[in-house]
Structures are given as structure tokens and as C-alpha cells.
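Data block below; observations after.
The values are calculated or read from the model by the stated rules, or taken from the named source; none is laboratory data. Keep in mind it's a predicted model, so treat the numbers as computed, not measured. Here the Cβ positions follow ideal geometry from the backbone for every residue, glycine too, while neighbour counts run over all protein chains shown. Note: accessible area is taken over every heavy atom of the protein model, side chains too, but ligands, DNA and RNA are not part of it. Shrake-Rupley method; radii C 1.70, N 1.55, O 1.52, S 1.80 Å.
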Amino acid sequence: AFHVASRSRHVIAYGEKSVAENHHASLGRSLIEQSGLLQPLPNEKLLRFWDVFRTAILATDIARHEEMLGEFKVAFGSDWTNAKGSGLLQ
């Protein structure tokens, strides 16, 4: 909300949704790529890593908590015991 209200440069770069989180994901990716830590990974696993990495950071946006909780409930119902077998909560 701060970045949108102040019209910071990050809004131009990342849009008006999850601005700080998108910035953190971008910065984190840049740092990890510079480290060379993931160079040994095959392309398929590397793409999966970046998907999980970005998704995990974007999930920290508290402004979207209700939206994401709704998606979770649609996927698994209100009985979270269904999610345990999916690997999601393990």
C-alpha cells in the first residue's frame, strides 16, 4: 500500500499488486543467480525452483490473505485434513 500511495519507482516496475513482495522476489532471484548456487540444476528443476521461490514470497502479502485462503478452501475444502495427503502441509 505504501508504494502505491507514494507512487514509488517499484510500482512502475512491478505494478500495483504485491509491490514489495515482487521486489523482494526479484532481488532474491538476482542474488541467488549471482551466487551461482543453482547452476548445477537441470533446467526443468531450475524453472520449478523459481516458481516455488516466487510463489512463496508472494504468499507473504497479507493484503491478499483472504483471497489466497479462499483459493485454498476451494482446492481442499474447509476440512484441511484433505491437504495433508497432498504434500502441501508436510
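Taking the stated definitions as given, is Ala13 among the aliphatic types (A, V, I, L, M), assigned to a helix (DSSP H, G or I) and at pLDDT 80 or above?
Values: among the aliphatic types (A, V, I, L, M): yes; assigned to a helix (DSSP H, G or I): yes; at pLDDT 80 or above: no.
It is false that Ala13 is among the aliphatic types (A, V, I, L, M), assigned to a helix (DSSP H, G or I) and at pLDDT 80 or above.
List the pairs whose first member sits in the stretch 56-77 and is at negative phi, whose second member is open to solvent by 60 Å² or more (accessible area, probe 1.4 Å) and among the charged types (D, E, K, R), and whose Cβ atoms are under 9 Å apart, counting only residues at least 6 apart or on separate chains?
Asp61/Lys17; Ala63/Lys17; Arg64/Lys17
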